[in-house]
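Below is one structure, written out as structure tokens; comments come after it.
The values are calculated or read from the model by the stated rules, or taken from the named source; none is laboratory data. All values derive from a computational prediction rather than experimental measurement. Cβ atoms come from the backbone with ideal geometry, glycine included; neighbour counts cover every protein chain shown.
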Amino acid sequence: MNNTLVFLRHAATKKDKEIPVSEWILTEEGKDDALKLIDDEYLLDFDVIITSTEKKAYQTAKPLADKLGKEIRQIKELSELNRDSGELMTKEEYDKMKVKIFEDMNYTDFGWETTQHALDRFKKAVDKVEKEYDGKKILIVAHGTVMTLYFAFLQNKLDSLMERWKGLGFCDYGIVKNNQVVKDIV
């Protein structure tokens, strides 16, 4: 494939333990940061804009799509690691789970999807997008965990997932051309 893929992490989200993680929306600061993306000249040249089906990813891409006059295509398989089991977790339990899933890519608890499954799902979706839009510059707005996994996979750095994840900020982006990382996401 002869594509340029730009992977953008969504802006800051409003955490609400009363609703599933996949339904979280942007904070006011996150909305402001999404608007500021239209000032980054590199982000103003895309043939295609794709997001996961999660609201926070769509909300992040919307100002860019509006500025460029582009439609946003949503793909469920680009969503974050599935954690919508309905089980409520304390912050301490969540933090421990994050460490465990990055240490053992087949570990699961609390009904979470394994990181190995999430990576396989995400890679398959990206491969499909690349084939469908060969030769295009594509913006993919997605999520921290799956993009940490994907970029680590491409660079053979799966042994440093937690360190990489901790270094990833909201609205950070990375660039991949011909399955090679040109700009790391962290």
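Would you pick out the residues in the stretch 50-64 that are without any contact (Cβ under 8 Å) to a residue 40 or more places away in the chain and of a type outside the set (Ser, Thr, Tyr)? Full working, then the answer.
To start, the set of residues in the stretch 50-64 that are without any contact (Cβ under 8 Å) to a residue 40 or more places away in the chain comprises 53, 55, 62-63.
Once the filter is applied, which keeps residues that are without any contact (Cβ under 8 Å) to a residue 40 or more places away in the chain and of a type outside the set (Ser, Thr, Tyr), the stretch 50-64 yields Lys55, Lys62, Pro63.
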Which condition number does Ala11 fail, the rest of (1) assigned to a helix (DSSP H, G or I); (2) surrounded by 15 or more Cβ atoms within 10 Å (Cβ to Cβ); (3) at pLDDT 95 or above being met?
-> (1)
Count of the stretch 23-53 residues which are surrounded by fewer than 19 Cβ atoms within 10 Å (Cβ to Cβ) and within 13 Å of the chain's Cα centre (by Cα) | 1
Hits in the stretch 159-173 (condition: closer than 23 Å to Glu103 by Cβ and surrounded by 17 or more Cβ atoms within 10 Å (Cβ to Cβ)) | Leu161, Arg164, Trp165, Leu168
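Report whether or not Arg73 is at pLDDT 95 or above and within 15 Å of the chain's Cα centre (by Cα).
Numbers: at pLDDT 95 or above: yes; within 15 Å of the chain's Cα centre (by Cα): yes.
So Arg73 fits the description; yes.
In the set Lys124, Lys136, which member is exposed (fewer than 15 other Cβ atoms within 10 Å of the Cβ) and either of a type in the set (A, V, I, L, M, F, W, C) or in contact with an Asp or Glu (Cβ under 7 Å, 6 or more places away or on another chain) (or both)? I'd like the intermediate steps shown before the answer.
Numbers: Lys136 fails: exposed (fewer than 15 other Cβ atoms within 10 Å of the Cβ).
Residue meeting the stated conditions: Lys124.
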Restricting attention to the stretch 1-53, and to residues there that are in contact with a Cys (Cβ under 9 Å, 6 or more places away or on another chain) and hydrophobic (A, V, I, L, M, F, W, C), which single residue is nearest to Ala142 (Cα to Cα)?
-> Leu8
Kindly list, by first and then second residue, each pair from a residue in the stretch 10-25 that is farther than 21 Å from Glu77 by Cβ to a residue that is aliphatic (A, V, I, L, M) and part of a loop (DSSP other than H, G, I, E, B), limited to pairs with Cβ atoms under 6 Å and residues at least 6 apart or on different chains.
-> Lys14/Ile25; Lys17/Leu88
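Output the strands (runs of 3 or more DSSP E) that fall wholly within the stretch 83-186 and possess 2 or more residues being within 14 Å of the chain's Cα centre (by Cα), under 23 Å from Pro20 (Cβ atoms) and β-branched (Val, Ile, Thr), or say none. Reasoning before the result, please.
On the way: elements: 137-142, 173-177, 180-183.
By residue number, 137-142.
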